[in-house]
Each structure stands twice: as C-alpha cells, then as structure tokens.
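Engineer: Structure incoming, see below.
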Amino acid sequence: MSDNRLSRAAAAGLAATMLVTAGLPAFAQDFKGKTLVVGTWGGDIERLLRQNAAEPLEKETGAKVEFVLGGSGDRMARIYAEKANPTMDVAFVNIYEAPQALKDGMVEAPDPEAPYFKDVWDGMNNGCYAMSLVGLGIAYNKKLVSTPPEWADMWKPEFKGKIALSSYPGSEGDGVLGVAARLAGKDEHDPDAAFGKLKELTPIAMTYTNLDEIFAMMDAGEVAMAPMISGYVLAALKTHPDIGFSFPKEPGPVLVRDMLCLVKNSPEPELAKKFAALALGVKNQTDYAEQLYFGPTNKNVKLSPEVSADVIDTPDEVKGLLQLDWPYVISQRSDWTQRWNKEILGQ
C-alpha cells in the first residue's frame, strides 16, 4: 500500500473514531479519579450547589466533588496560606474579598470569552464571577414597627435600646456604617461621622451571630429592628409571621454580592471551569432565586412576577442599591473593628 493510501486510511480511521466518541461525555476518561475541591457556605447553598453543579459534573466527568464548608474568611485564609501549593479549586467569597484576591494573585481573572462570563449582567464580574445578588435591609417586628421602616427609623427615640446589630467585622456591619455615614451627610470615607451616628443607637439590644437567636429576640419583643441581608431573612420569614423585611429607599439597600472564584494554579482548573458553568447556569440561579431569595446574575434567568418581587434581579435594581467603596472599607477593617468594639459595644 502506498504512503498516500496509508495516510488516507489513517485519516479515515481517525474520523471514524471521532464519530464514535462524539456522543460521549467530554473528557470523561481524563477526570476519573480526580477530585474537585469547592469551598462554600453550608446549608441550602451547599444543597443547591451539590444538586445542580456537583452531581451533574460527577456524572459527566467521572470526577468527585468535595465541599469544604465554612465562612468566606476561612476560605480566604486557606487560599492565601496555600498560595504556593493550592488544594482548593473553587472558592465562593464576598463582593469585597474578590477584587483583593485578584489583586494579590490568589484567583484567576474572569475570562471575558467564557460563556458563563457573557451570561452575567455587564459590569458584575468584579474580581471573580458574580454569583448572586442580595441587599442589606431591615428585619423588623411588625407589632413594634407598624410600617416597613426606612433607615432613619432605627434612630427614632421609641426604639432606643431595641436595635440589634450583627457581629463585626462583616458585610452587615460595614453596610450599616455606610448607611450611618450617609444619614450624617457623609459617606464611608468619613469614619468619624459613621461611628458618631451609629453610636446614637447604643445601647445595642444584642449582637447576633445567627438568625435563630435574633428572630427569637424579635418574636419576644426585645428587638424592634436589625439590619440583615435579604436572602437569608426572606427565606426564614415563612416560619416567623410577626417579622417583616424592608428594603429602605433613603439611602437604598446596601448591595451585597457573592462571587465565584477560580483559585489560581489550582490542581483541577478544567474541572473548576466546568463547575463554574453549572453553578452560574440558569437552573442553579433560578433555584437560588426561588428557594433562597438570592437574585440571579445570569441574564437568561426568567422568574415569575412573585419571585421577582422579592429578589434583586435586574441591572436597574442594582443601580438603585447603595454600593460602598469596598477596597477602602477593607483597608480600614482593623481600625474599624477596634472602634466598633470600643464605641458601639463599649468593650
């Protein structure tokens, strides 16, 4: 057989092989025995990520997905500690952590050519990929507060000693400092104005670390109002009929956004991209909105009017939210923690 005929035969064999394997899961054999490590929050977030991203990925590729649960601070600490030899592939962090992680070379920059980048509303992939949208508003006791409150209502004399705050540092505390500064005619770049205004709320009824404890105090009438992140509260209100939630207008709710980061130089970068595509996809983001009240960032998600009314799900709504200068806020965290403990908690 001539060389030309051999070449044609080889080409035909290759083509036949490609046709046979075309219907198989992409790279399925390449990932058998591999493990993707994903750091995220627990509870319903883990449940949906497991259901909509991990399980389909495992079925497609033959790989395993391992979840590492905890707060975003835990994940950030691990990423920085393991910079030379990362063990985590995907990390979910907060809006204020993602840009710093990118600046420090801890995560991969969002790829503008990736389909899941293009599916996200323009301007939201800041540092990492935008995962979900929520806002800092006010949870309130309906028996003590007759109408959905504005931020300024927390400072009314009749609620003195009945305002609760979350533990600090955290996005809730940063958000309420930004609000306090604006009520004083300034912004977060004037911490004296922010802390001075916030101190007017003291004595604080309680510092809460989870929803169960704060809702118990609200139900008991010990707490009238508390700044909280919308998604967590709205999902829990089904079992607390005497507690409401308000998105204030003056200023608006503080934007809080969860981000999906691909860890730089991680062991399984291709698996991480596949996971990101599923996590940011329409199915998972729809479930986030319908079950967790976390607004979708994927512009292809279509929500019912009832669900849409309870979540932040359009760029116009995002523009109406109060957006803090997060890099500045993070640079002040150490000093503000000391001031918070001393001036707000009296410690």
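Engineer: Set Lys and Arg Cβ to +1 and Asp and Glu Cβ to -1, take the dipole of region 199-291 about its Cα centre, and tell me which of V263, G221, N210 lies farthest positive.
Structural biologist: V263
Engineer: If the cut-off is 22 Å between C-alpha atoms, which lysines fall inside it for K64, apart from same-chain ones fewer than 8 positions away?
Structural biologist: Cα-Cα hits under 22 Å: K32, K34, K264, K273, K274, K283.
Engineer: On to the next question. How large is the dipole of the chain about the Cα centre if only Lys and Arg carry +1 and Asp and Glu carry -1, each at its Cβ, rounded to the nearest 20 debye?
Structural biologist: 480 debye
Engineer: Quick one: accessible surface of Y168, probe radius 1.4 Å, all protein chains present, in square angstrom to the nearest 10.
Structural biologist: 30 Å²
Engineer: Can you compute 3J(HN,Hα) from phi for each residue in region 102-115, using the Karplus curve 6.51 cos²θ - 1.76 cosθ + 1.60 with θ = phi - 60°, rounded to whole Hz and x for Gly and Pro?
Structural biologist: Karplus-based 3J(HN,Hα) across region 102-115 equals 5, 4, 8, x, 8, 10, 7, 5, x, 8, x, 8, 5, x Hz.
Engineer: Let's test the formula: R0 of 30 Å, r as the Cβ-Cβ distance of D335 and E158. What FRET efficiency results, to the nearest 0.05?
Structural biologist: My answer for the efficiency is 0.35.
Engineer: What does the accessible area per residue of the chain come to in Å², with a 1.4 Å probe and no ligands, DNA or RNA counted?
Structural biologist: 46 Å²
Engineer: Could you check the spin-label model distance between K319 and H189? Points 7 Å from the Cα along Cα→Cβ, value in nm.
Structural biologist: Placing both labels 7 Å beyond Cα along the Cβ direction yields 2.3 nm.
Engineer: Give me the percent of the accessible area of region 258-347 that comes from carbon and sulfur atoms, probe 1.4 Å, all protein chains in place.
Structural biologist: The nonpolar share, carbon plus sulfur, comes to 50 percent.
Engineer: Here is a follow-up. Taking only DSSP H segments of four or more residues, each worth -39500 (n - 2.57), what value at 222 nm results for the chain once the sum is divided by all its residues, to the nearest 500 deg cm²/dmol?
Structural biologist: So the calculated ellipticity at 222 nm is -10000 deg cm²/dmol.
Engineer: Give me the number: length gained by fully extending K83 to E113, i.e. 0.36 nm times residue separation minus the C-alpha to C-alpha distance, one decimal in nm.
Structural biologist: Additional length available on full extension: 8.2 nm.
Engineer: Moving to a separate point now. Please list the non-local residues whose amide H lies under 5 Å from the amide H of K264, H modeled 1.01 Å from N, same-chain partners needing a gap of 5 or more.
Structural biologist: Amide H neighbours of K264: V107, E108.
Engineer: Also: Roll a 1.4 Å probe over the protein heavy atoms and report the accessible area of E270 in Å², nearest 10.
Structural biologist: 100 Å²
Engineer: Could you derive backbone 3J(HN,Hα) for region 298-314 from the dihedral phi with the Karplus parameters 6.51, -1.76 and 1.60 (θ = phi - 60°), listing whole Hz in sequence and x where the residue is Gly or Pro?
Structural biologist: 3J(HN,Hα) across region 298-314, in whole Hz: 7, 6, 8, 6, 10, 10, 5, x, 5, 6, 4, 5, 9, 10, 8, 9, 9.
Engineer: Would you list which aspartates and glutamates come within 20 Å of K103, measuring only between C-alpha atoms, while excluding same-chain residues fewer than 8 positions from it?
Structural biologist: Candidates past the 8-residue exclusion: D74, E82, D89, D111, D258, D325.
The values are calculated or read from the model by the stated rules, or taken from the named source; none is laboratory data. Predicted, not measured: the structure shown is a model, and the values here were computed from it. Note that we place each Cβ from the backbone using ideal geometry, even for glycine, and neighbour counts take in every protein chain shown. Heads up: the accessible areas ignore ligands, DNA and RNA and are worked out on the full protein's heavy atoms, side chains in. Shrake-Rupley method; radii C 1.70, N 1.55, O 1.52, S 1.80 Å.
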